[in-house]
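Throughout, read-outs are computed from the coordinates displayed, never taken from laboratory work. The structure presented is a predicted model; accordingly, all values stated were derived computationally and were not measured. Note that each Cβ is placed from the backbone with ideal geometry, even for glycine, and that neighbours are counted across all protein chains shown.
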Amino acid sequence: MGGLFYKLGRSLGYVSIPAIRKSKWVWQSLTGNEAEAVKAEGEFGGAMAAELRLKFGVSHEEPHVALVRGIAERLSACVRNKLRTFRVEILLEKTPTAMALPGGFIFFSPPLLDLCQRSPDSVAFVIGHEMGHVVRGHAMERVLRQIGAEGVSSLLSRGLLNPALRETGLKWLESAYSKEGEFDADEFAVRVASAAGYDAETVVPLLRRFGELRSSAAGASHYFASHPPETERIANIAPLMASLKAKPAPGESKTPTG
């Protein structure tokens, strides 16, 4: 997926920048109210999502589309912050991958659906994980961390990618989240999937399959390489899963925050 991200980043300077500039997303995110910040983030992410669809295409195969969008709707209903919206699409990518863009645009490849065995419980965990990156602010933080204030100012003031950003192809698109961010997204996924009525315990065999593929030659994928080892991910969520198996106290909500 590194090449995919690189090509997408290089093309943003020619198609998406007017939409990015119009949204004034950074200033609203830093100084506006929450509704303005979420709206601006959505405009920025929407510009990138449009470019991603244009460059690589998305599937309109109804069984797959209906599966991921139906799951996303159930999960979204359990996100406390109703300003957040999510759209999941099937990206025509030949390697297992899922990604979240700022604003709640999530892309899921057919090979990853195959790895999930098209199980709604397993797919719910992966979508929930990507939703977690959006809700917890990881997707937006990655943009700001890689572009920086100077680069953002250039985008907004001139509507052009500066030479350094154009050379690197917006490297933030291919940078990995921190280990803490991945663990946080896993925990969010377990909580939101459980709250939506999915069997969160399917995450353990799913992650084990991911680990087996990572160790094989066929598993040389950016998606797996950018995540912590699956044994660590399973160990991290084990206490949370144990607590969710216990009966909630009266009045206690399992709905995730964010």
Förster-model FRET efficiency, 22 Å R0, Phe56 and Thr85, C-beta, rounded to 0.05: 0.45
Cβ-derived FRET efficiency at R0 25 Å, Ala77 paired with Val204, nearest 0.05: 0.50
